[in-house]
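Here the structure is laid out as structure tokens; the discussion comes afterwards.
The values are calculated or read from the model by the stated rules, or taken from the named source; none is laboratory data. Nothing here was measured: the structure is a model prediction, and the numbers come from that model. Ideal geometry is used to build each Cβ from the backbone, glycine not excepted, and the neighbour counts take in all protein chains shown. Side chains included, ligands, DNA and RNA excluded: accessible areas come from the protein's heavy atoms. Shrake-Rupley method; radii C 1.70, N 1.55, O 1.52, S 1.80 Å.
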Amino acid sequence: MTGNETTNQSPEQPRSQSPAHKRDLTRRKVVVAGGAAVAAVGVGGGLAASAFADGASPIAPGKSTASGGEACYTLTSETTEGPYYIDADKIRQDITEDEEGIPMALTLKVIDSETCKPVKNAAVDVWHCTALGVYSGYEAMGSGGGGAPTDAPSGTPTDAPSGTPTGEPPSGAPSGGTGGGHSEPTDDERYLRGTWKTDKRGYVTFKTVFPGWYQGRCVHIHVKVHVDGEWTDAGYEGGHTCHTGQLFFDEKSVLASATVEPYSTNTTTRTTLTEDTIYPQNGHEGGLLYLDYDKKRIAKGVRAHLTMGVAPDETHDSTDTQPSASASASASS
């Protein structure tokens, strides 16, 4: 497994995989290797490319102002890690590689929910599926490889004309999105995955493509935030995971993307945002992204952004219990 940065180079580092709840997330090491970032490949690209070049996108302000011991920002909801997280991922901002899709600049601001201060030098992981619903490292398990990913919830609707799922996901899929074991990678591909650090203002930006969908799940991006570790020439070491969540897209944007190739060739029946049992149904607090794009030409690119309120002193990994739709996830694991 390799990392990716512009200055350093190291040989591939194999990593043994084990179930998520058994891994020691306090000793996390990301390996850095050489190679320049690969330019995004997709339809158009002007809007998302300029957003990436400009740095941080506008971020929605906090919900309240700090006063005494009062929290200044609602904690972003914790959700399941899912089965397809790969630790020691590539250190890079451009995670596109050669994947086709609508160019997207994803900007996140990580903030301490108690103090309103930015969380700087945190390691932020993002990973998501392709336009056709396949995860790198797990191509044999994707929509094109004979099965839906196993974080697909059970008991999905069957009224196909409304765009809802038909049929059941594979056996072993968690009900209600409350967990699910970690799966061993089936290949060495690592597209649409990456890790980068937040700057002094708490911002981090990734260049990627708009995600697609697969059976049983709405369109989403996975995210983790690691703090209290150390950035070295080898990557990021130590620390702990203070947030594990997912980022979501409103229905209007997903429907617009579905008219653009290669999304339009994805024949998998889609789960809507309101049908998804992992999305907490609580808006931006639950990971719903703010999106900017030309409503008539989404193919030109999308800017996605969100402020994430985290509790740096807490640990939240994939063993966390799912929050209810009406409450923020604030309990320590």
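Residues in region 252-280 that are within 20 Å of the chain's Cα centre (by Cα) and among the hydroxyl-bearing types (Ser, Thr, Tyr): SER253, SER257, TYR263, THR271, THR272, THR274, THR277, TYR279. Checking each residue of region 258-266 against the condition of being in contact with a helix residue (DSSP H, G or I) (Cβ under 9 Å, 6 or more places away or on another chain), within 24 Å of GLN215 (Cβ to Cβ) and of a type in the set (Val, Ile, Thr) gives at least one match.
How many residues are closer than 26 Å to THR80 by Cβ, part of a loop (DSSP other than H, G, I, E, B) and open to solvent by 20 Å² or more (accessible area, probe 1.4 Å) when one looks only at region 274-294? Final tally of qualifying residues: 5.
Can you pull out the residues in region 276-306 that are of a type outside the set (A, V, I, L, M) and under 13 Å from GLY245 (Cα atoms)? Within region 276-306, TYR279, PRO280, HIS284, GLU285, GLY286, GLY287 meet the criteria. Filter region 192-227 down to the residues that are over 19 Å from LYS109 (Cβ atoms) and of a type in the set (D, E, K, R) and list them by number. Correct list: ARG193, ARG217. The residues of region 84-102 that are open to solvent by 10 Å² or more (accessible area, probe 1.4 Å) and in a strand (DSSP E or B) amount to a single one, ASP94. When VAL223, VAL227, VAL204 are screened for being in a strand (DSSP E or B), closer than 22 Å to GLY309 by Cα and in contact with a Cys (Cβ under 9 Å, 6 or more places away or on another chain), only VAL227 passes. Being open to solvent by 10 Å² or more (accessible area, probe 1.4 Å) and touching a Lys or Arg at 6+ places or on another chain (Cβ under 9 Å) is a description that does not apply to ARG193. Please go through region 263-282 and pick out each residue that is farther than 13 Å from PHE249 by Cβ and among the polar types (S, T, N, Q). Passing the criteria: SER264, THR265, ASN266, THR267, THR268, THR269, THR277, GLN281, ASN282.
Taking the conditions (1) touching a strand residue (DSSP E or B) at 6+ places or on another chain (Cβ under 6 Å); (2) open to solvent by 30 Å² or more (accessible area, probe 1.4 Å) in turn, ARG297 satisfies each one other than (1).
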